[in-house]
Amino acid sequence: RQGGLPDSYEQEVLQPFLQTLAGEAARAVSFFTNSTQYNKVDHLLLAGGVAATTGLAALIQQKTEIHTLVANPFHGMTLVNKIKASQLETDAPALMIACGLALRGVDA
């Protein structure tokens with residue numbers, strides 16, 4: 001995330017990883033629709049640290065033909081001035097569990 005990687009990183013490491021991940025997502029959706037009573041998935045929601053990787057959601061959407069979004073548990077929340085919104089946007093998918101635990105017992 002901070003740079004310092006070899007020039008060949010994106011082509012030799014990142015792109016093959018993203019292609020494999022998108023393929024695994026497509027296989028998981030296929031397994032789900034073939035082994036349950038549900039024969040259609042309307043949306044995929046990506047969470048976790050890798051979910052924020054640029055281009056991943058679009059690649060999975062292309063491979064699965066299912067509307068795919070990156071999770072942001074903070075969407076619609078009011079942020080205090082100390083919080084950098086752009087950094088939170090980047091980190092949000094990795095903070096799903098922490099956000100959920102923090103909200104336990106909070107009445108909306």
Quickly estimate the mean residue ellipticity at 222 nm for the chain, helices only: each DSSP H run with n ≥ 4 gives -39500 (n - 2.57), and the total goes over all residues, rounded to 500.
-12500 deg cm²/dmol
Computed over the chain, the relative contact order (Cα-Cα under 8 Å, seq sep at least six) in percent reads 25
Given (i) 1.27; (ii) 1.12; (iii) 1.76, the label whose value is Cα Rg over 2.2 N^0.38 Å derived from this model
(i)
Just to verify a number: FRET efficiency for Thr33 and Ala85, C-beta to C-beta distance, R0 = 35 Å, to 0.05?
0.40
So which lysines pass the test for Lys63, namely a Cα distance under 24 Å, with those fewer than 8 places away in the same chain ruled out?
Lys40
Can you list residues whose amide H is under 5 Å from Leu46's amide H, if they're 5+ apart or on another chain and H is modeled 1.01 Å from N?
Leu69, Val70, Ala71
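Here, each number is a calculation from the coordinates, and none is a lab measurement. What you are looking at is a predicted structure, and each value in this text was computed from that prediction instead of being measured. Cβ atoms come from the backbone with ideal geometry, glycine included; neighbour counts cover every protein chain shown.
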